[in-house]
Amino acid sequence: MGIIEDLIAVTLSTGEPLTWKILGIIALVAIPFAAIGELIVDRMELIPRKKRK
């Protein structure tokens, strides 16, 4: 889903036609950020949970 959103954003903002090269560049940029988001940010506990008694 994230790569599709990036494809739409690149197409609308630059006006470039979609090619395999552009798709590859978008994937190279999007996949590491998705991995960081899933593996690090989503596992952080920003607000500590209250322990039940």
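The values are calculated or read from the model by the stated rules, or taken from the named source; none is laboratory data. Only a predicted model underlies this, so the values are computations on that prediction, with no experimental measurement involved. When we count neighbours, we look across all protein chains shown, and the Cβ atoms used for this are built from the backbone with ideal geometry, even at glycine.
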* To do: Inspect the range 18-26 for any residue being surrounded by 10 or more Cβ atoms within 10 Å (Cβ to Cβ), part of a loop (DSSP other than H, G, I, E, B) and out of contact with any Pro (no Cβ under 8 Å at 6 or more places or on another chain) and give the result as yes or no.
  => yes
Residues of the range 27-40 being surrounded by fewer than 10 Cβ atoms within 10 Å (Cβ to Cβ) and modelled with pLDDT under 90, in sequence order, are Leu39, Ile40
Touching a Leu at 6+ places or on another chain (Cβ under 9 Å) and either in a helix (DSSP H, G or I) or among the hydroxyl-bearing types (Ser, Thr, Tyr) (or both): does that describe Ile8? no
Notebook entry, point to check: Regarding Ile47, is this residue modelled with pLDDT under 90 and over 12 Å from the mean Cα position of the chain (by Cα)?
Noted result: yes
